[in-house]
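To keep things clear, I will list the structure first and then write my remarks on it.
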Amino acid sequence: MILDKIKNNHSIIDAIGDTPLIHLHKMFLDSKINFYGKLEAANPSGSLKDRTSAFILQNALEEGKIRPGDTVIESSSGNMALGLAQACLYLKLKLIVVVDPHINKHTEKLLLAYGAKIEYVTKPSKKGGFLAARLDKVQELLKAIPNSFWTNQYGNPDNPLAHHKTIEEIMIALEGDVDYIFVSASTCGTLMGYADYILENNLKTKLIAVDAKGSVLFGGEAKKRLIPGHGAAVPSQFLRKERIYDYLAVSDLDCIEGCWSLLKSEGILCGGSTGGVVTAIKNYIAKIDDSSNCVFLLCDKGERYLDTIYNPDWIQVNFPDYKSIENSEIGW
């Protein structure tokens, strides 16, 4: 029976992971390279951060660091917050999310629907910008609220550990024959989870990090960025540059162009960090041998960016010198 092949999930938490790996044929039509997208947007709350959220919370519960009824606190630009909101609701934990003015309005509405409490930071720190200000607020809340717990996606070792399973799923699907994996960098939890797995298993896979221009992760000064979900204004606690084969930096406009190219060529609607990776691959493709197998993450759902990335009026306002993306060619 067909039903026998369907995974029986006992909870919404069990539905996290085992996401599809999609062979992408149309994105780079002139290339002989094999491209695969890991559809992390298929996770229950819509992003790869479902894995991080559930893994950290379940381990904290098992280790007695939190109990049902306690308060979880996190700073997040969006996807981690949503992953936590869903998991906390199911696990009977309270959640406070610290956000800044860059929060996506759609994400904000989803958080409120899940029952999360939102704390707003309105002024950036002189050093570290809004991220540093959010982290300061987290510490303030931890001191003020009894039985509170910081999931700390920025420094909790369970963050990279959560993504060992993701890369394991990729390796199983392609029987270990993976030449390149491109990963967007922010906390660097996903990136270093992959890097550690590659090292521990002595794999041939080359890991390429994709950072945002205006991020400090790979050096340089923090600058204003419009596209959330990648890059950082403070250094990562996880990043080990010697374990990364190479890295590229992409602009906000690169992210937008990559999103539209992915949508028009493959019919996949994803968020800004995924678009950045698509453009990074375009810029790196000349260095990749024909017939190589390249994987990247389709990190999150694009519906949250309908008012920005997928809104031509918003693009025109923020990038007035850019031609109308609606009329651009499909793919590259």
Fill in the blank from the handout: Counting only residues that are modelled with pLDDT under 95 and assigned to a helix (DSSP H, G or I), segment 111-132 contains a total of 4
Completion exercise
Every listed condition ((1) part of a loop (DSSP other than H, G, I, E, B); (2) under 27 Å from M171 (Cα atoms); (3) small (G, A, S)) holds for G64 save (2)
Fill in the blank from the handout: Filter segment 185-240 for residues that are among the small types (G, A, S) and in a helix (DSSP H, G or I); the one that is nearest to the chain's Cα centre (by Cα) is G189
Exercise for the section: Select, from K143, K123, K117, the only residue that is outside the structural domain of F238 (by TED's automatic domain parsing), in contact with a helix residue (DSSP H, G or I) (Cβ under 7 Å, 6 or more places away or on another chain) and basic (K, R). Expected result: K123
Problem - Test: residue in segment 321-331 that is buried (at least 18 other Cβ atoms within 10 Å of the Cβ), outside the structural domain of E175 (by TED's automatic domain parsing) and either modelled with pLDDT of 95 or more or not in a loop (DSSP other than H, G, I, E, B) (or both) - result: yes
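Mind telling me which of the residues G214, G193 ends up being in contact (Cβ under 8 Å) with a residue 12 or more places away in the chain, in contact with a His (Cβ under 6 Å, 6 or more places away or on another chain) and not basic (K, R)?
On the way: G214 fails: in contact with a His (Cβ under 6 Å, 6 or more places away or on another chain).
The unique qualifying residue is G193.
Take the residues in segment 41-56 that are assigned to a helix (DSSP H, G or I) and in contact with a Leu (Cβ under 6 Å, 6 or more places away or on another chain), then tell me which one is nearest to L263 (Cα to Cα). Quick ask: steps written out before the conclusion?
So the first thing to find is which residues in segment 41-56 are assigned to a helix (DSSP H, G or I), and the list is 41-42, 49-56.
If we keep only those that are in contact with a Leu (Cβ under 6 Å, 6 or more places away or on another chain) too, we end up with 41, 53.
Working: A41: 14, S53: 27 Å.
Only one residue fits best here, namely A41.
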Practice task
Report yes if some residue within segment 49-67 is within 22 Å of E119 (Cα to Cα), surrounded by fewer than 24 Cβ atoms within 10 Å (Cβ to Cβ) and either touching a Cys at 6+ places or on another chain (Cβ under 7 Å) or of a type in the set (G, A, S) (or both); otherwise report no.
Solution key: no
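Residues of segment 250-267 being over 16 Å from the mean Cα position of the chain (by Cα) and either closer than 21 Å to L39 by Cα or outside any loop (DSSP other than H, G, I, E, B) (or both), which ones? Before you say what the answer is, go through the steps one by one.
First, pick out the residues of segment 250-267 that are over 16 Å from the mean Cα position of the chain (by Cα): 251, 253-254, 257, 260-267.
Within segment 250-267, L253, D254, E257, W260, S261, L262, L263, K264, S265, E266, G267 meet the criteria.
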Problem - Pairs with Cβ under 6 Å, 6+ apart, first in segment 118-131 and under 20 Å from A232 (Cβ atoms), second assigned to a loop (DSSP other than H, G, I, E, B) and β-branched (V, I, T) - result: G128/V234; L131/V234
Problem - segment 169-179: number of residues that are part of a helix (DSSP H, G or I) and farther than 18 Å from K49 by Cβ - result: 3
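The values are calculated or read from the model by the stated rules, or taken from the named source; none is laboratory data. Computed from a prediction, not measured in an experiment: that's the story for all the values here. Cβ coordinates were reconstructed from backbone atoms using ideal geometry, including for glycine residues, and neighbour counts include every protein chain displayed.
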